[in-house]
1. Which one of the conditions (1) facing another protein chain (nearest Cβ under 10 Å); (2) hydroxyl-bearing (Ser, Thr, Tyr); (3) more than 19 Å from the chain's Cα centre (by Cα) does B:Tyr298 fail to meet, given that it meets all the rest?
2. Of the residues A:Gln118, A:Gln106, which is under 23 Å from A:Phe469 (Cβ atoms) and either of a type outside the set (A, V, I, L, M, F, W, C) or away from every other protein chain (no Cβ under 14 Å) (or both)?
3. Of the residues B:Phe138, B:Phe146, which is among the hydrophobic types (A, V, I, L, M, F, W, C), in contact (Cβ under 8 Å) with a residue 24 or more places away in the chain, more than 11 Å from chain A (Cβ to nearest Cβ) and within 20 Å of B:Glu103 (Cα to Cα)?
4. Return only the number of the condition from (1) part of a helix (DSSP H, G or I); (2) within 26 Å of B:Leu7 (Cβ to Cβ) that B:Val60 does not satisfy.
5. Yes or no: A:Glu534 under 32 Å from the mean Cα position of the chain (by Cα) and over 14 Å from A:Thr304 (Cα atoms)?
6. Collect the residues in segment B:339-387 that are more than 14 Å from chain A (Cβ to nearest Cβ) and of a type in the set (Val, Ile, Thr), keeping them in residue-number order.
7. Restricting to segment A:371-399, name every residue that is within 24 Å of A:Tyr491 (Cβ to Cβ) and in a loop (DSSP other than H, G, I, E, B).
8. Among (1) among the hydrophobic types (A, V, I, L, M, F, W, C); (2) more than 9 Å from chain A (Cβ to nearest Cβ); (3) assigned to a helix (DSSP H, G or I), there is one condition B:Val202 misses while meeting the rest; what is its number?
Amino acid sequence: MVQFALNHAWLVPLLPALAFVIIVFLTRPWPRVSSTVSIAAIFSSFVLASSIAYGVFTNPGFIEKPLEYSLRWFGMEGFTVKVGVLLDPTSTMMLFMVSMVAALIQIYSTGYMEGDPQYSVFFSYLSLFAASMLGLVISSNLLQMFVMWELVGLCSFLLIGFYTFKISAREAAKKAFMTTRIGDFGMLLGLLFLQIIFGTLDLTELAQRVPAFEQFGISLGLLTLIAILVFIGPIGKSGQFPLHVWLPDAMEGPTPVSALIHAATMVVAGVYLVGRTLFLFAEVPGAMEVVAFIGAFTALFAATIALTQREIKRILAYSTVSQLGYMMLALGVGSLSAGMFHLWTHAFFKALMFLGAGSVLHALHNKADVWDMGGLIKKMPITGWTFVIGGLAIAGIPPFAGFWSKDEILAVTLQYATHGHSLGYVLFFMATFTAFLTAFYMWRMIFLTFFGKEKPENHPHESPRSMTFPLIVLAGFATLGGLIGTPWANYWSKWIHFGQPHHGEPSIGLMLLSVFLGVAGIGLAYIFYYKDEEKLRVKQLAERYQTLYKISFNKYYVDELYLWFTRTVVDAGAKVLYWFDIHVVDGIIDGMAGFTKVSGRGLRYLQTGKLQTYALVFFLAVLVITVVLAFGNPTSAGILGGGK
Amino acid sequence: MNFDFSLLTTELALFVLGLSTFVLGLVVPSASRRGLGSFAALGLLLVLGIAVINWSNQGVLLNGMYLVDGYANFFKVMFILSAILVILGSFRYIDQHVGHHFEYYSTVVFATLGMVVMASAGDFITLYLGMELMTISFIILVAFRFMDTKSLEAGMKYLLLAAMSSAVTLYGLSLVYGATGTIIIGEVAEAVARGGNSPLLVIGLTMLVAGLGFKVAAVPFHMWSPDVYEGAPTPVTSFLAVGSKAASFAILLRLFLGGLGDLHGQWAMLVAVLAALSMLVGNLVAIPQTNIKRMLAYSSIAQAGYILVGLVAATEAGVKGVMFYAFLYIFATVGAFTVVAAVYNKIKSDEIADYAGLVQRAPLAATVMLICLLSMAGIPPLAGFVGKFYLFQTVVQGYMWLVYLGLIMSMVSVYYYLRVVLVMFRDDPKDPSPIEFGSAANMTLIIAMVITLVLGIYPGPLAEVANTAAQTFFLR
């Protein structure tokens, strides 16, 4: 089984792809059949992925020598495009995580989407997404990855705009698509550079060639540019500042989608890509600093926005942006294992919280404002307590998963700082402060939603078992998932690392600081939002610091800034270009088209239908060719009597 | 002399099939003669199996007069495949408009035999024999609806003009023979390498370009094709467009690369000009056409122009491009013509305007038409895109102007292809009753569509096969 799975890893993405085809062409009229097909496919993928994980993680050989096989797709001289599979601990971990979360969320969706007229379509999209995401993860070259990358983008677009009757959903889908396209374009440029300079997009080959970039005749400056171009893709996809604006709006999609795509899997594709191409970034310190700084800034920036948001899914969305910033920060300071570790734990607790939020929205009939909730834990114990576990995990309370990964990130950032990067201290400070803010805003949400007084107008009820089962499983992982990477027994960094494995001594001081920050955040939230039943103190604070509150609540006006920019600069530019297009370009094109048509009509008259004409043209052509060849050809010219 | 008959299995099987179709037609009662179409199709399927099994059974017969190599086998499989598709697509058409089933089907098989012989021809006589067998079969087929004046007129035109082109080809062959003293293509190459260039050779070469240019319908030797394509029974048109053209390309390449390869400097520019003219005229004149068969005829002239580009390159990659493109062109063209034939069965019209709302009347047919036309236009991810890519990539060095021209003309072609699509998908039908195709024609359509899609997405294996076959010419 294990050997079979290793040799047939391509089945993992293929099964959901087949499910997509089956649903679209066959089972669409029968919703239950569609969801069964979809779940069966993703579950089989999960089983395969688990076998692969077993095979990879029981054989240390995979660390140094990944399993790679590929198939020539098409090619020409000097340029071959392959599709292939690259299995190493990093991709295996992703494969396992993605297939599991996707399976759980599809199970959850059977309850959540119950009765929706587009039920089958929803599952077909989920299958397509799972196929593309799994395909992205196992890609052995960047072109294949890029194709999958675009496909997950397409799925994200389709699923954000799933409720097509809602204008806001349609707008959000458009916004997500266009914003990420900006990133993808930068990335495509970067990939083109890589292909032209290094002659390959194969990850393994690139990893060998890039460190010797000077032999390929390029300077460090150009390589930095390439790295940053490639990084623009992840900025868009993983919601990093300044292209983060689409992610909160993406919450217009159905909640399982937010959990699957916009929290646990697709948005981490950017992080994964940077992790995969870390060999490129590692060569250029400048690009690494950019990654680290953008990551840290995004983490802090999004956390400050999350402080004042009122909609439950928006708070979670900003928290996702912020956590993605953490992952980027870890990669930027050169630690693949810390970044991937946080990716792993985050997937569980964030999917858990999103699904919990979905359960709440399900119960309250889509009432989204946390201030209108309260005391839900009594009526919805499973949702509530699993959500609390998620909250403890993200706040960094041991032994929950988030603690270990966040601690790891803080540790590597501090190490970075002490190894001669003075910028590192700034990064470290931003990261620790964000940790405090995270605990605070998360628990603000939890206290407001699940504790305190019940609101008489709400009639919550616990969700069906299909929805609570995934919550319980995810809560299990959010509790225990971090134990494989504790500083005392760090299996994680033994398996997943870049360069030398990281041998940090467990730093008790740092851990205490981290726990203190988490507890302080939770405590502050407790005082403000639980003890103070009328919430007078926070209201006073908001009054007193009105400007700050407004800036945060309005997300630093980034959207408005973009809108202003589009309305003035882009629109004005567009007007100029439109004029040019109408009068100059169209003029030329119309002229050409007219000429083409006229010449087509003119040439048509040669076709008389008379046999004699045809024969005449034929022999005339033979004659002309002979004469031309004869006169153009010195040897024949002599004999035919022609001359120069 | 050692004569290995096993190398001729495919040819013999075809011959037996053609004869037995004919004889069976004479024997069985006239009511069951229509079943002979299925008989011929099944027989061809068997022959296809034989050809594929015998793929690696390669060798040379009669001192190089008959060559059974990878190149020939590739084309043989292609011809037999296209004959199967054409026959499957023509059941209803022949039933309704022609009759004379067994004559029709056995003639198709004999035409196929001619093509197969052409693909293997190693000397001028075999080449000419194969070509005439094919051409004469086609003359019969074109005039097959002899109660229909248009078909008869087309047959007459084809007879006279084909005779003329045969004469020119023969003249060219005799001049080459005169200059080199041999009729075996391999020995011609040696003689050319020894003796170099001579005026006789150049004139012979010109004649050959003209004669074979007629067969592939390259401008300025194309004038017969729109009239003949329009007048011929539609299934015959499709066979003429794919089989005859591909077979002529097969010998064109064999002659020019295998025999006259050393004179590349002499003919490359000439062929390049013909390619350019074909692309230009074919695409431009296709625009004002209102009859779909005429439109497809001009489009097929343009396609011949694209394929000639591979000959201009005269490299392994060029031959590979030609073979790949010819292969995909078969499916796209047969798919389109099968739709045309079936639609004609129902509405008795070939006017593009009458295709209004086809998607509502026959969704499968409209989809196949869409895919085939887009493939011909070279839109990814369909086979035509990959084919054009392979072809034009070979002349990037040296004939960049040809690449630009091909690019521009492909864009022009999108216009007239999409016009049909627009009519089919946007307009409302005058009469919304569904159009039945019959399961055999549906099979042709589905095969054409699937292969066009698969070759576009995953061209690797076929390209590999074509590449291996293409090396035949460059082993020396």
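1. Among (1) facing another protein chain (nearest Cβ under 10 Å); (2) hydroxyl-bearing (Ser, Thr, Tyr); (3) more than 19 Å from the chain's Cα centre (by Cα), B:Tyr298 violates only (3).
2. A:Gln106
3. Only one candidate qualifies: B:Phe138.
4. Evaluating B:Val60 over (1) part of a helix (DSSP H, G or I); (2) within 26 Å of B:Leu7 (Cβ to Cβ) leaves (1) as the failure.
5. no
6. B:Val339, B:Val340, B:Val343, B:Ile347, B:Ile352, B:Val359, B:Val368, B:Ile371, B:Ile379
7. Of everything in segment A:371-399, those that are within 24 Å of A:Tyr491 (Cβ to Cβ) and in a loop (DSSP other than H, G, I, E, B) turn out to be A:Gly396, A:Ile397, A:Pro398, A:Pro399.
8. Unmet condition: (2).
The values are calculated or read from the model by the stated rules, or taken from the named source; none is laboratory data. As the structure is a prediction and not an experimental result, all values here were calculated from the model. Using ideal geometry, Cβ is built from the backbone for each residue, glycine included, and neighbour counts are taken over all protein chains shown.
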